[in-house]
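**Student:** Encoded as structure tokens, here's the structure I'll be asking about.
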Amino acid sequence: MNFKGKDIISIKDFSKKEINYILDYSKKMLDYARGEKYSDLLKGKLLSSLFFEPSTRTRLSFESAVNRLGGRVIGFADPAATSQKKGESLADTIRMADSYSDVIVVRHPQEGAARLAAEFADAPVLNAGDGAGRHPTQCLLDLFTIYTEKKRISKNKVVLLGDLKYGRTVHSLAYALSLYGAELTFVSPESLKMPKEVVQECKELGVEPKHTSSLEKAVKDADVLYVTRIQKERFPDAEEYNRVVGAYRVDVDLLKYAQDNLIIMHPLPRVNEIHPEVDKTPHAIYFKQAFNGVPVRMALLSLVLGVKK
Amino acid sequence: MKELKVQPIKNGTVIDHIEAGNAVKVLHILGIPKTSSSSVSVAMNVRSKLGKKDIVKVENRELDPNEVDKIALIAPKATINIIRNYEVAEKYRVQLPDEIIGIVRCSNPTCVSNSKKEPVSTRFIVVEKDPPRIKCYYCEREPDDIADRII
Ligand SMILES: [Zn+2]
């Protein structure tokens, strides 16, 4: 399978076979990501890291991946300091980065920005999140986490919880999990339900998602509980927000209903969706999940640069 | 003899088999009457074998392919008849291409294709031809009402 020069814009650009290949290759990167082994796989390669909106976790995870494989990074983390503020187009910034580097990572507030960037660059472009749109490396690291924790993705009972309407990670994740035929249950307040287009996509892939407002019920036979942040600004008043957040809080009381091998995931940062006392339980996998961004991004960078081991 | 609903034209284009009620949208797409001095006749709710339909006749104007693409977006069953000297010189059914560039605006206000700063034309992938369903190439959103989004 050849990924050299390929852009990573949307999880939908990839077949299940290609995703499997990326996940298996990411596994081989685990020792390098932990710093237990050293490789100079990306030696002499320069990455442009263009963050038109801040995202500390994603940016650091890319930088860790490149540096641990002997590559180097140029770029910016703060849009206030860039020529964008002076009115330069994304297209022009991309043309410049393309001439300076071998691969481009772009994070941008507008939907479709990464697709546009790819049109103006010869170098491969990796989408690190575009607006409320896609974030394929997050989706891949989520899949990788389920794959490594559960040994497979198919047949798992996965509960997606929280803001399913605006939460960008859950849309691609619901799609990708459906590719694998996982069982899906959506738990959210009425006003933040999974959009019908996403439900339709799952159905087209042969998965009939269940909806419920009862978290206890959903958690009972779940293998994976994927929690997302519910943002305050989605609610007209603080009272309603507090009620919803209270109803969907993951705490040790809830875990009484859970199976022993339930894993709890969260794209982070979390606010108060998961009580800190859950962190100490074996269910909590979210910090490991964040770490998994490194091997997955290592794999992607070396694949698109064509320097696979 | 059958009653003539619309006068025959000498030269121009007849757009037939427009879904009943959509003739006005077709006129809008063609920029009529604003950008045209051609005389135009419209027949609405004409009875035919396939139910009711609308017909638009434009004198002294032959549609170009770009305009035909636009018509396919709102009248996917329409046929285009190019008339020269009272004869049908060409006849074809409108056909949506696989991609539509620069014709429809994305309904997502924060889509990069709506950014004035970027050197970009709107671009849509045709998901289904009849009834037409299109998806923004950039942000993947499907406009609910395509007719409202035509540039
Ligand atoms: Zn769009």
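The values are calculated or read from the model by the stated rules, or taken from the named source; none is laboratory data. These numbers come from a predicted model, not from an experiment. When we count neighbours, we look across all protein chains shown, and the Cβ atoms used for this are built from the backbone with ideal geometry, even at glycine. Each accessible area value is taken on the protein alone, full model and side chains, heavy atoms only, with ligands, DNA and RNA left out. Shrake-Rupley method; radii C 1.70, N 1.55, O 1.52, S 1.80 Å.
**Student:** In a GNM of chain B with a 10 Å cut-off on Cα contacts, which of B:Thr79, B:Thr13, B:Thr110 has the highest mean-square fluctuation?
**Tutor:** B:Thr110
**Student:** Between A:Glu36 and A:Ser191, what FRET efficiency comes out of the Förster formula 1/(1 + (r/R0)^6) with R0 = 60 Å and r the beta carbon distance, rounded to 0.05? Walk me through the numbers on the way to the answer.
**Tutor:** Details: r = 46 Å, r/R0 = 0.77.
The computed FRET efficiency comes out at 0.85.
**Student:** Cα-based Rg (one decimal) and Dmax (whole number) for the range A:136-290, in Å?
**Tutor:** Looking at the range A:136-290, its Cα Rg and Dmax stand at 14.3, 43 Å.
**Student:** Same structure again: Hey, what did the range B:74-151 get for relative contact order, percent, Cα under 8 Å, at least 6 apart?
**Tutor:** Details: 125 pairs, mean separation 21.6, N = 78.
Relative contact order here is 28 percent.
**Student:** Rank these by accessible area, largest first, 1.4 Å probe: A:Tyr257, B:Tyr86, A:Tyr147, A:Tyr248.
**Tutor:** Details: A:Tyr257 105, B:Tyr86 145, A:Tyr147 45, A:Tyr248 25 Å².
Final ranking, largest accessible area leading: B:Tyr86, A:Tyr257, A:Tyr147, A:Tyr248.
**Student:** Is it possible to state the helix-based mean residue ellipticity at 222 nm for the protein assembly as shown, with each DSSP H run of 4+ residues giving -39500 (n - 2.57), the sum divided by total residues, to the nearest 500 deg cm²/dmol? What is it? Kindly include the intermediate steps, with their values, before the conclusion.
**Tutor:** On the way: 15 runs with 144 residues, N = 460.
The per-residue figure over the protein assembly as shown is -9000 deg cm²/dmol.
**Student:** A further question on this structure: To test your reading of the geometry: what angle, between 0 and 90 degrees and rounded to tens, separates the Cα axis of helix A:238-247 from the longest principal axis of chain A?
**Tutor:** Here the helix axis deviates by roughly 80 degrees.
**Student:** Report, in debye and to the nearest 20, how large the dipole of the range A:136-290 comes out about its Cα centre when Lys and Arg carry +1 and Asp and Glu carry -1 on their Cβ. Please list the in-between numbers first.
**Tutor:** Numbers: 22 positive and 22 negative charges, 64 e Å.
Charge dipole, the range A:136-290, about its Cα centre: 300 debye, nearest 20.
**Student:** Based on the Cα atoms of chain A, what semi-axes does the equivalent ellipsoid have, where each is the square root of 5 times one gyration tensor eigenvalue, given in whole Å with the largest first?
**Tutor:** Working: eigenvalues 211, 98, 65 Å².
Each semi-axis is the square root of five times an eigenvalue, giving 32, 22, 18 Å.
**Student:** Relative to the longest principal Cα axis of chain A, at what angle does helix A:286-304 sit, 0 to 90 degrees, rounded to 10?
**Tutor:** Helix A:286-304 sits roughly 30 degrees off the main axis of chain A.
**Student:** If you take the Cα Rg of the range A:214-257 and divide it by 2.2 N^0.38 Å, with N the number of residues, what do you get? Kindly include the intermediate steps, with their values, before the conclusion.
**Tutor:** On the way: Rg = 12.0 Å, N = 44, 2.2 N^0.38 = 9.3 Å.
It is 1.30.
**Student:** Give the accessible area for A:Tyr166 in Å² (nearest 10); use a 1.4 Å probe, count only protein heavy atoms, and leave out ligands, DNA and RNA.
**Tutor:** It works out to around 100 Å².
**Student:** Do any residues of the range B:95-126 lose at least 30 Å² of accessible area when the full set of protein chains is present rather than just their chain alone, and if so which, with a 1.4 Å probe?
**Tutor:** Buried-area filter returns B:Thr110, B:Val112, B:Lys117, B:Glu118, B:Pro119.
**Student:** Something else: Counting only protein heavy atoms and rolling a 1.4 Å probe, how much accessible area do B and A lose on contact, total for both sides, in Å² to 100? It would help to have the intermediate numbers written out before the result.
**Tutor:** Working: alone 9310 and 13820 Å², together 21820 Å².
Roughly 1300 Å².
**Student:** Using only Cα atoms, find the angle between the long axis of helix B:65-74 and the longest principal axis of chain B, and express it within 0 to 90 degrees, rounded to the nearest 10.
**Tutor:** 80 degrees
**Student:** Taking the simple approach of a point 7 Å from Cα along Cα-to-Cβ for both B:Arg93 and A:Glu240, what is their distance in nm?
**Tutor:** Between B:Arg93 and A:Glu240, the label points sit 4.8 nm apart.
**Student:** Here is a further query. By how many nm would the segment from B:Leu50 to B:Lys117 grow when fully extended, if each residue of separation counts as 0.36 nm and the alpha-carbon distance is taken off? Please report the intermediate quantities before stating the final value.
**Tutor:** Working: separation 67, 0.36 × 67 = 24.12 nm, distance 4.72 nm.
Taking B:Leu50 through B:Lys117 to full extension adds about 19.4 nm, to one decimal.
**Student:** Suppose R0 equals 45 Å; then what is the FRET efficiency for A:Phe291 and B:Asp130 from their Cβ-Cβ distance, rounded to the nearest 0.05? Walk me through the numbers on the way to the answer.
**Tutor:** Numbers: r = 49 Å, r/R0 = 1.10.
Approximately 0.35, to the nearest 0.05.
**Student:** Arrange the residues A:Lys217, B:Lys10 by how much accessible surface each exposes, largest first, with a 1.4 angstrom probe. If you can, show how the numbers build up before the last one.
**Tutor:** Details: A:Lys217 140, B:Lys10 100 Å².
Putting A:Lys217, B:Lys10 in descending order of accessible area: A:Lys217, B:Lys10.
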